[in-house]
Amino acid sequence: MGFLWFAIISVMLTGYVILDGFDIGAGALHLCLGRTDAERRKILRSIGPVWDGNEVWLLATGGVLYFVFPQLYASSFSGFYLPLMIVLWLLMLRAIGIEFRMHINDGIWASFFDGIFSIGSLLLAVFYGAALGNVVRGLPLGADHYFFLPLWTNWTVGAHPGVLDWYTVLSGVVALVALSVHGANYIVVKTDGDLNERARKMSLTLTPVLFLLTLVSLAATISIHPGIVANYNALKIGYAIPVLVFASLVAVFVFQKGRHEVAAFVSGALYLAFMLVGAVYSLYPVILPAIDPQYSLTISNSITASYALQVGLRWWIVGIVIALAYFVFLYRMFRGKIALEGDGGYGD
């Protein structure tokens, strides 16, 4: 049951990163790609019906995490309280930027909320990447499994780290570029004309940058945490994961160059999925690594009672079937290129 729930949470988190990732990436590129008000409304319309539904996966993952691994949930909030509050505010600012823009018919306010949406999306991508970097790097967990992290200390990786150091900032930059590529690929799929061409060129420009950043990030991870390759050495099939990571990036570039829009978008989604699979594979069975390994949280010392897990699995199956049916219906209704028809809202 422990492995099963670990896999379920990993899949749900990956689903969130892929789904909300493209609208966060679209937001980060909103001001860069949208040269006119009409183009910016096109970008908003491309994510308009789905962005809030995509964020539900974050809430669902948090709820399952709280139910299955309560110690992990409590420990994470003990040390990440400030970053989590920052993420919460950034999520709210993105929502404000999207929703308020369509209710105020004024050019100055439209530009203001465009900026709120874009900056909030950009910072959110960076903080998500930094959060993953903190987990991979290790945390100063004590014997009681709680810890405290300041926002930064001396920017080095050591016994007394901050939320932000050179490694976690690198992770944040990788996340920002990765989600920007994902967002650009999505805009290519959903738009046409000059905006489509501009987004395609952005994807072609950023994909090689992401390839190099991924290489640097991989080398940096091994240098600060050599033990992270233990699972790969124990089961050699795991070395296929980094190969698939880089192959998916090559596929993004090749498909985008050949104007195979959907294939390029799917390849970008696979890159995000393989990156997360690689992180999970390297950490298993640890779910919250400590700088001192004896205090790490694992599946076995964090999981809730067996009976609760069995009952919860039944209800989770019911809930996930309903959620998946809704998302299939939503994305089928919203398939194809978008177009502006008037001057209100997302361009309706």
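Numbers below:
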quantity	calculated
Yes/no for THR304 being at pLDDT 95 or above and either surrounded by fewer than 19 Cβ atoms within 10 Å (Cβ to Cβ) or not in a strand (DSSP E or B) (or both)	no
Residue within region 328-336 that is crowded, with 17+ Cβ neighbours inside 10 Å, under 30 Å from ILE187 (Cβ atoms) and more than 24 Å from the chain's Cα centre (by Cα) present	no
Matching residues in region 226-255 - criterion: being over 23 Å from the mean Cα position of the chain (by Cα) and closer than 16 Å to PHE211 by Cβ	VAL254
One residue from SER223, SER248 being hydroxyl-bearing (Ser, Thr, Tyr), closer than 30 Å to PRO285 by Cβ and surrounded by 17 or more Cβ atoms within 10 Å (Cβ to Cβ)	SER248
Selection within region 47-85 - within 19 Å of the chain's Cα centre (by Cα) and among the small types (Gly, Ala, Ser)	GLY48, GLY53, ALA60, GLY62, GLY63, SER76
All helices (runs of 4 or more DSSP H) inside region 19-127 with 1 or more residues being hydroxyl-bearing (Ser, Thr, Tyr)	37-47, 51-68, 70-79, 81-101
Of residues in region 131-140 being assigned to a helix (DSSP H, G or I) and in contact with a Phe, Trp or Tyr (Cβ under 9 Å, 6 or more places away or on another chain), the one nearest to ALA95 (Cα to Cα)	ALA131
Boolean, GLY34 is in contact with a Lys or Arg (Cβ under 8 Å, 6 or more places away or on another chain) and surrounded by fewer than 24 Cβ atoms within 10 Å (Cβ to Cβ)	yes
Selected residue [surrounded by fewer than 21 Cβ atoms within 10 Å (Cβ to Cβ), among the small types (Gly, Ala, Ser), out of contact with any strand residue (DSSP E or B) (no Cβ under 9 Å at 6 or more places or on another chain) and touching a residue at least 60 places away in the same chain (Cβ under 8 Å)] from ALA26, ALA60, ALA95	ALA60
Enumeration of residues in region 98-116 that are closer than 14 Å to GLY34 by Cα, of a type outside the set (A, V, I, L, M) and touching a residue at least 24 places away in the same chain (Cβ under 8 Å)	ASP114, GLY115
Those residues of region 250-266 which are without any contact (Cβ under 8 Å) to a residue 60 or more places away in the chain and either of a type in the set (D, E, K, R) or in a helix (DSSP H, G or I) (or both), in sequence order	VAL250, ALA251, PHE253, VAL254, PHE255, LYS257, ARG259, ALA263, VAL266
Residue within region 258-271 that is surrounded by fewer than 11 Cβ atoms within 10 Å (Cβ to Cβ) and of a type in the set (Lys, Arg) present	no
Unmet requirement for VAL209, which otherwise passes all of (1) in contact (Cβ under 8 Å) with a residue 24 or more places away in the chain; (2) within 18 Å of LEU283 (Cα to Cα); (3) not hydroxyl-bearing (Ser, Thr, Tyr)	(2)
Residue in region 41-51 that is closer than 19 Å to TYR331 by Cα and surrounded by fewer than 19 Cβ atoms within 10 Å (Cβ to Cβ) present	yes
Hits in region 53-79 - residues which are in contact with a helix residue (DSSP H, G or I) (Cβ under 7 Å, 6 or more places away or on another chain) and over 30 Å from SER111 (Cα atoms)	ALA60, THR61, VAL64, LEU65, TYR66, PHE67, VAL68, PHE69, GLN71, LEU72, TYR73, PHE77
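The values are calculated or read from the model by the stated rules, or taken from the named source; none is laboratory data. From a predicted model like this one, the values you see are computed outputs, not experimental measurements. Cβ atoms come from the backbone with ideal geometry, glycine included; neighbour counts cover every protein chain shown.
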